[in-house]
Number of protein chains: 6
Amino acid sequence: MQERLTVPEKSKNPNNIKAKKPAPAAPKMTGASIAAADDTVITALALKPDRLSPAMAAYFAKCQERLGFVPNVLAAYAFDNAKLEAFVAMYNDLMLAPSGLSKLEREMIAVAVSSVNRCYYCLVAHGAAVRALSGDPPLGEMMAMNYRAARLSKRQRAMLDFAVKLTTEPWAVEESDRDALRRAGFSERDIWDIAAVAGFFNMSNRVASATDMRPNTVYHKQAR
Amino acid sequence: MQERLTVPEKSKNPNNIKAKKPAPAAPKMTGASIAAADDTVITALALKPDRLSPAMAAYFAKCQERLGFVPNVLAAYAFDNAKLEAFVAMYNDLMLAPSGLSKLEREMIAVAVSSVNRCYYCLVAHGAAVRALSGDPPLGEMMAMNYRAARLSKRQRAMLDFAVKLTTEPWAVEESDRDALRRAGFSERDIWDIAAVAGFFNMSNRVASATDMRPNTVYHKQAR
Amino acid sequence: MQERLTVPEKSKNPNNIKAKKPAPAAPKMTGASIAAADDTVITALALKPDRLSPAMAAYFAKCQERLGFVPNVLAAYAFDNAKLEAFVAMYNDLMLAPSGLSKLEREMIAVAVSSVNRCYYCLVAHGAAVRALSGDPPLGEMMAMNYRAARLSKRQRAMLDFAVKLTTEPWAVEESDRDALRRAGFSERDIWDIAAVAGFFNMSNRVASATDMRPNTVYHKQAR
Amino acid sequence: MQERLTVPEKSKNPNNIKAKKPAPAAPKMTGASIAAADDTVITALALKPDRLSPAMAAYFAKCQERLGFVPNVLAAYAFDNAKLEAFVAMYNDLMLAPSGLSKLEREMIAVAVSSVNRCYYCLVAHGAAVRALSGDPPLGEMMAMNYRAARLSKRQRAMLDFAVKLTTEPWAVEESDRDALRRAGFSERDIWDIAAVAGFFNMSNRVASATDMRPNTVYHKQAR
Amino acid sequence: MQERLTVPEKSKNPNNIKAKKPAPAAPKMTGASIAAADDTVITALALKPDRLSPAMAAYFAKCQERLGFVPNVLAAYAFDNAKLEAFVAMYNDLMLAPSGLSKLEREMIAVAVSSVNRCYYCLVAHGAAVRALSGDPPLGEMMAMNYRAARLSKRQRAMLDFAVKLTTEPWAVEESDRDALRRAGFSERDIWDIAAVAGFFNMSNRVASATDMRPNTVYHKQAR
Amino acid sequence: MQERLTVPEKSKNPNNIKAKKPAPAAPKMTGASIAAADDTVITALALKPDRLSPAMAAYFAKCQERLGFVPNVLAAYAFDNAKLEAFVAMYNDLMLAPSGLSKLEREMIAVAVSSVNRCYYCLVAHGAAVRALSGDPPLGEMMAMNYRAARLSKRQRAMLDFAVKLTTEPWAVEESDRDALRRAGFSERDIWDIAAVAGFFNMSNRVASATDMRPNTVYHKQAR
């Protein structure tokens, strides 16, 4: 899901996304079957896939072609095409559109925020993105485990300090916090983008946790 | 912003939204001038308004016509039309599209979540919505102050308990929490909607707090 | 309850305060009936009113005459005249006696502390007082929602920072915190008064929450 | 301070209470001199003693006669006779007047609450009271360190669970919490008293912490 | 347990340590019987004493001879001689071996950490050690109740601030925290020792709390 | 460090462990150089390696032979042979000696506890152990990110719930928590072992965080 995509539509029994019945208590599984489950039973909610719009069907096909898989978050939203489109539009604007923040920096925010919220889906999916974009696998681990362990530039440290404070105590963010970003070289627009990405993952973390969303197992081995 | 709107475009010096220079330290103001400031200096970020797309310009005009004002959150996003459109699309789908949750229930979630996060903008704007939609001004106050003080139906209490737990400790939400919603009569789709609205305001609260977004002063007197 | 009052005594079936049986589960009510309930069923405890002393009966009568109602907190304490008198004496000394803090400042502390403790009774009753004393309705809202959103003088910000820290982590208040007040222009006596008001509402918030004390509905519309 | 007292008045240079200049940074002292300091420099605020009313002077004299010392909290309030009288009236009503709670139980609440708030003054003074009233020195220690370590009756455990929850998260106290007290045998009036004592120490803890109030050193050796 | 000890072995029914059946619910006891219980029923786990190695038997005998009792923590570990030996080796190295920290300072860390974790066993046993080693009984109380109440040298305050931060938010300890220790005069090795002692009591506190470990009653009266 | 080891001694310039000067501010590095640094500059403390005892030298050699490297935690403790020996003895007893808990279960506790404490060293090193021992890489990720996301047996879930509660609020662990373990099939001895392993990592997490201990980079790729 690392770029904007356009593709043809799928047909009936639409998107190869399996509906799911509410999980009958906690199933016990071995490692292999967990992986299998995570790729087929994507959330704890039994929602039937909606018919995708041509734009969304094309997007899914493009994901399949370029990434080799459709990220489970998209499959999770696919029970309602309107919600899927809104999510994709906001996600792509935030994470892929031009910004004073690099794509890696936006992914670092995503993972540091998801670490605070302990969101399994986002840590796995976006941890892989940090590893891939940085070429530095331990950096992905540090973002997921404790961003303070990373040796970061002052700019990136200020960026993550802001994003994490905004996550843990948003009520206490004030002008002095914005000024710390300005001193670290961020523009007014960059400050918005840091806030918007941090905010977005505070949303996504919660949608994922609320639905027990499972990451595609393929992420685990990426860019190690 | 209580319904979908469509309208003609605005012209240059586009949207009657004032750009703002970074606030020079904390200005001290009397009551009246604070109100004035909140309606003109909408965020702490100095961002110039973008040229709105026809769709967005129409939306703003419709707000002006129907509400008598453009909600400041829209003006805040108007520095970038693409971000504004993504926000409006997601917001309108979540809060106004058909759902097993009434519009009032969605606004109750919005305010209860914003109370946890102590978001001034959202508490003022959506507190007014709860007052208006319910015809019960104290209900709006209780959502903003402590939702546990309200005498709620079991359904609504379960809904807010879930939304608030998802806000304060998303990592601890599990199948038993979803089952509590099912027992209270919510469908799988309703559970998604509760999660999505709670998630959305966890995002918006943080964007608002990060930018010191100020609510239109008109909200204060609405539906008292 | 904005000034000292003296009045004649009431007779048997004394004070027009209704005893209450323990609420039979959570009653579900519409807006109007909630308001009704809040004015008649003042706490969750079934306590019969005591016979008021002449001084207290006079005080109640004066409240009725000047405010148009007896604040519910007084009715709540009226099950025991001695407790009522002790409460009234301490309250009036703290909130109304001469002090280096204005009455508005004392009410601002009351609301900011009650916001931390999410006390519905005190937020409603004292939020109204801030609105009335300041002539600035949004100021009352900011005290109740997040005092950091208000544009305050350095003096008032220091005052509230101290009161809120004293509320959330009293064990961590030290000489450096007192010195911050001194630097903001507060005298030794003022520091005591800030602490005493903040302390008092940490008490009252808990008595109110423990008993589900309900604010008079008249407060909601005051000074909007 | 274990009973109501009446006594003759003191004369000029009134109460043998030393005014204090703001402590010049943190003084370093040996054990013996700390004790000395705690008995002479009672708070961090430089407040001159007020002239005591005859009632208060008598009360101080009675303390001196019966306890052998005036509790420092009284000396601390003695900078203002009106505040002292209000404090003494409320304290004596709560802790010494007839109640369904024994004096020991009220002191147990005092110490368990003060433990949450880590108030040095109250833990020392009221820890001594628990030791003395119970004849069980370890009980005083357990109240101060972790009340859950004590082997308590169901009644007393329920009482302290309520008081501690009311201290740490007053916003979450609801009918189910009151019902737990009712099931443990407490009357409606007893519930008020538990709440009022817990509330009172949430006030006193904060006044003491805000002013660095020091306990009389004599408490340390009492009832060991 | 204030020095290294060597002693002869005990025989069968080995160490005078009573095995314990799981406590049948919370027993209610008077002061005297609690004391008795604490000296005989040492933990909530029914574990039979292991046969002690000669070294450990000698150590126990030495404790008995020098202290007059075997500290209950040793008796608690005595269900498995290997675990006992590992615990004793680490404890003695940390608390008694040469270090830039005095034995008193190490005990102060022990108590301040145990206060955060509210560990009854360690607060009683090591609180007594602080009283004894310092000759300043109130110092022991302040470490147990709120170390910030003590008038400490800058060195000792920095030491405890580090130990307590490491206890409450270990993830946030960074180079600036180590530098604060260096500025207070601590060597690299001293920093290790502060961390190691603080770490050790974060372990011991949890083993004690997990097993409801009871301190020897003799500690209560020591060095008052 | 997955088994007990015995080996010959190393010679002068003893253990191939580099002393470290205090890190001159936060160095900025690329991915590759971070890895390099983590394998050579093991902690933030400048401590010279001690001469290892024959037993410890043999242990290090055995690690090198069997694992291909000496775990950095051992190198970190090697500034003092006595501390190293005590650490190794306790570690090996806890993690490798016979127990009712499997080695995997003990590693799961290690990682779940380290996740609460956000300890980079322990999450990397013991996360690798969970992956290796389970043959289930995602299980290691779930332990590090949010153990609640894993589909665990009731036994293992109860075990981790206890370990995590003991980590976050040790003061609140009571008989009911131990009973939950008993109901899940754990023996008295097993309960001790769960507590002891959880306790040990609460210690190690803090020693690692206090010293900025860096994990061997080899762990990152293990058992993916």
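Data table
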read-out	value
Residue-averaged beta-carbon neighbours from other chains (10 angstrom radius) around B:92-105	1
Rounded accessible area of A:THR167 (nearest 10 Å², 1.4 Å probe)	10 Å²
Accessible surface, per residue, of the stretch F:99-224 when the full set of protein chains is kept, probe 1.4 Å, Å²	25 Å²
Pairwise burial C:D, computed as accessible area of each alone minus the pair, summed, 1.4 Å, Å²	4100 Å²
Top positive-direction residue, dipole computed over the stretch B:82-125 with Cβ charges, set B:VAL88, B:ILE109, B:PRO98	B:ILE109
Inter-copy label distances at D:ARG66 (7 Å, Cα→Cβ; nm, one decimal)	3.5, 4.8, 7.1, 7.1, 8.2
Shielding by partners - mean other protein chain Cβ count within 10 Å, residues of F:65-77	0
Nearby aspartates and glutamates by direct alpha-carbon distance to B:LYS62 (threshold 14 angstrom, same-chain neighbours under 8 apart not counted)	B:GLU3, B:GLU9
Long-range lysine pairs (8 or more apart or interchain), the stretch C:68-224, Cα under 26 Å	5
Neighbourhood net charge (12 Å Cβ-Cβ; Lys/Arg +1, Asp/Glu -1) for C:GLN222	+4
The stretch D:137-224: GluC sites (Glu not before Pro) in DSSP coil with no more than 16 other Cβ atoms inside 10 Å	D:GLU174
Magnitude of the charge dipole, the stretch E:64-151, Cβ model with Lys/Arg +1 and Asp/Glu -1, debye to 20	280 debye
Copies compared at B:LYS48 - label distances in nm, ascending, label defined 7 Å from Cα in the Cβ direction	5.3, 6.4, 6.4, 7.7, 8.6
Electrostatic dipole magnitude of the stretch E:127-212 [Cβ: Lys, Arg +1; Asp, Glu -1; Cα centre; debye, to 20]	300 debye
Identity and axial distance of the chain B residue whose Cβ lies nearest the axis relating B to D, Å	B:GLU169, 8
Integer Hz, Karplus 6.51/-1.76/1.60 couplings in order for the stretch A:80-93, x for Gly and Pro	8, 4, 5, 5, 4, 5, 5, 5, 5, 4, 5, 4, 5, 5
Shortest-first distances to equivalent copies, position D:ASP179, nm, label 7 Å out along Cβ	2.0, 2.0, 5.2, 5.3, 5.6
Karplus-derived 3J(HN,Hα), 6.51/-1.76/1.60, for each residue of the stretch D:152-160, Hz, glycine and proline x	10, 5, 4, 4, 6, 5, 4, 4, 6
B:TYR121 - accessible surface, heavy atoms, 1.4 Å probe, Å² rounded to 10	10 Å²
Residues along the stretch E:160-199 losing 50 Å² or more of accessible surface when the other protein chains are present rather than the chain by itself (probe 1.4 Å)	E:PRO170, E:TRP171, E:GLU174, E:ARG178, E:GLU188, E:ARG189, E:TRP192
Using a Förster distance of 51 Å, the FRET efficiency for A:ALA172-C:ARG66 (Cβ separation, nearest 0.05)	0.80
Cβ-placed point charges (K, R +1; D, E -1), dipole of the stretch A:178-222 about Cα centre in debye, nearest 20	120 debye
Alpha-carbon spread of the stretch A:113-224, three principal axes, descending order, Å	41, 31, 23
Backbone N within the stretch D:45-69 under 14 Å of label point (7 Å from C:ALA55 Cα along the Cβ vector)	D:55-56
Among C:ALA196, C:GLY140, C:CYS119 - extreme Cα towards positive end, dipole of the stretch C:97-224, charges at beta-carbon	C:GLY140
Per-residue HN-Hα couplings for the stretch C:184-200 [Karplus 6.51, -1.76, 1.60; θ = phi - 60°; Hz; x = Gly/Pro]	7, x, 7, 7, 4, 5, 4, 4, 4, 5, 4, 5, 5, 5, 4, x, 4
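The values are calculated or read from the model by the stated rules, or taken from the named source; none is laboratory data. In this text the structure is predicted, and so the values were computed from the model without any measurement. Heads up, the Cβs are rebuilt from the backbone with ideal geometry, glycines too, and the neighbour counts pull from every protein chain shown. Quick note on the areas: whole protein, heavy atoms, side chains included, nothing else; ligands and nucleic acids left out. Shrake-Rupley method; radii C 1.70, N 1.55, O 1.52, S 1.80 Å.
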